[in-house]
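Worksheet: the structure to be examined is printed underneath.
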Amino acid sequence: MATVLAIETSCDETGVAIVKNRKVCSNVVASQIAIHQEFGGVVPEIASRHHLEAVNLLIDQALGQAGLTWTDIDGIAATCAPGLVGALLIGITAAKTLALLHHKPFLGVHHLEGHIYATYLTQPDLEPPFLCLLVSGGHTSLIRVLDCGIYETLGQTRDDAAGEAFDKVARLLNLGYPGGPIIDKLATQGNPQAFPLPEGKISRPDGSYHPYDSSFSGLKTAVLRLVQKFERSQELPVNDIAASFQQTVVNSLTKRAIACALDYGLNTIAVGGGVAANSGLRHYLQEAASQHNIQVLFPPLKYCTDNAAMIACAACDHLNRGHTSSLTLGATSRLKIEEVMQLYPGINLEDN
Ligand code: KG4
Ligand code: ZN
């Protein structure tokens, strides 16, 4: 029954949380969205500086809100990959220092494993195997969850991630950053059938389509052409474009997730990542899955976007199994989800 304090600094949210197994004792987040908004996206150096300014204060807040002291903490974790290296370094350096100081084990956590674990925070009894649809600013993946640390990527995007597509289309429509929440809101006032847009498909060498991989760059270009057409003539129907774009992304994700779950005999789809907050996806995927007797689990919104509770939750499971990281572990911008166990050296997978 491990209690872990975790730090999340992979992108533009500084998060600190304490989780006792799958129960959240405290979860604090300092968002940098307002700071990066004026640049239209995340500026890595600015993100690192703000993580550095926020992290100590948030650690104190997390302990205070949980009503715990360092003696109650069994392990200290931080997201170590993938993400912005400079930003990740702030979190792992803070965590490693605290681990040394308080004589606690340190655990580096894979950010995507954290997004998978977000579902366990409200569904603590969920048992693998299940399918995770992970849709964030950096990833669009269908991952078969087999056990703690054991994952298989079955589908992914070949170009832009779903959240990235929302952000880029929002920029085309001059809606600001981040694009997902704004498009989501405008889409509710638009007609999703107003403009037929192409759902990207990935061809295989034999001419058939890859059933689980997605592509959103063609869709983004199609929206650009549409915007250019209107710019030449009349006022831009922003709500209809937002609704049509969102519906196309939602159709693409839903179709692939359901096909994958059915093909692999998985009757639960856990959705994670910032795009899991999308109201269209929540509604449409739920409805489509129920027709196939597949249950869909969406974490509450605060656990969909980046937060440290999901990182602490993953770290608890690892610590309960004796998995710990070396204090020499570094931050890495890329690491496959299949390589998670590399973060915990000396563990014999056969024993798990
Ligand atoms: O998981 P996340 O917080 O950070 C990453 O690990 O990338 O995801 C951020 C992404 C952004 O691209 C943002 O536009 C998108 O999630 N997002 C949404 C919504 N809320 C956030 N996309 C669609 N609809 C939303 N309601
Ligand atoms: Zn994320």
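Using a probe of 1.4 Å, the accessible surface attributed to residue 52 totals some 110 Å² when neighbouring protein chains are kept in position. My understanding is that a pair violates if its Cα-Cα distance is over 28 Å; which of 20/168; 185/229; 20/255; 23/185 do that in this structure? Result: 20/168; 20/255; 23/185 exceed 28 Å. The simple spin-label model puts a point 7 Å past each Cα toward its Cβ; for residue 49 and residue 264 those points are separated by 4.2 nm. Subtracting the Cα-Cα distance of residue 229 and residue 189 from 0.36 nm times their residue separation leaves 12.2 nm of extension gain. Relative to one another, the C-alpha centroids of segment 25-62 and segment 130-197 are positioned 23 Å apart. Working from Cα pairs under 8 Å separated by at least six residues, relative contact order for segment 128-298 is 27 percent. In a reduced charge model with +1 at each Lys and Arg Cβ and -1 at each Asp and Glu Cβ, segment 132-218 shows a dipole moment near 200 debye about its Cα centre. Across segment 287-294, computed HN-Hα scalar couplings (Karplus, 6.51 cos²θ - 1.76 cosθ + 1.60, θ = phi - 60°) run 5, 5, 5, 5, 5, 10, 6, 9 Hz from first to last residue, x flagging Gly and Pro.
Surface composition of segment 128-298: carbon and sulfur atoms hold 48% of the protein heavy-atom accessible area at a 1.4 Å probe.
Multiplying the residue separation of residue 147 and residue 126 by 0.36 nm and subtracting their alpha-carbon distance yields 6.4 nm. Surface analysis of the chain yields an accessible area of 42 Å² per residue, using protein heavy atoms and a 1.4 Å probe. In order along segment 20-27, phi translates into HN-Hα couplings of 9, 6, 10, 9, 7, 8, 7, 7 Hz, rounded to whole numbers, per the Karplus curve 6.51 cos²θ - 1.76 cosθ + 1.60 with θ = phi - 60° and x for Gly and Pro. Of all the options 282, 225, 171, the one that moves most in a Gaussian network model of the chain with Cα springs shorter than 10 angstrom is 225. Among the protein heavy atoms, those of residue 255 account for about 110 Å² of accessible surface (1.4 Å probe, every chain in place).
With both labels modelled 7 Å from their Cα along Cα-to-Cβ, the residue 102 to residue 203 distance reads 5.6 nm. Only protein heavy atoms count here; under a 1.4 Å probe, residue 71 has an accessible surface of about 120 Å². Compute the FRET efficiency between residue 70 and residue 33 as 1/(1 + (r/R0)^6), taking r as their Cβ-Cβ distance and R0 = 45 Å, and round to the nearest 0.05. Efficiency at R0 = 45 Å is approximately 0.90. Look at the alpha carbon pairs under 8 Å that are at least 6 residues apart: their mean separation over the length of the chain gives a relative contact order of 25 percent. Computed over Cα pairs, the Kirkwood radius of the chain leads via Stokes-Einstein (0.890 mPa s, 25 °C) to a diffusion coefficient of 119 µm² per second. Which percent, to the nearest 5, of DSSP beta bridges fully inside the chain are antiparallel? Around 60 percent antiparallel, to the nearest 5.
The values are calculated or read from the model by the stated rules, or taken from the named source; none is laboratory data. The structure presented is a predicted model; accordingly, all values stated were derived computationally and were not measured. Note: ideal-geometry Cβ built from the backbone for every residue, glycine included; neighbour counts use all protein chains shown. Each accessible area value is taken on the protein alone, full model and side chains, heavy atoms only, with ligands, DNA and RNA left out. Shrake-Rupley method; radii C 1.70, N 1.55, O 1.52, S 1.80 Å.
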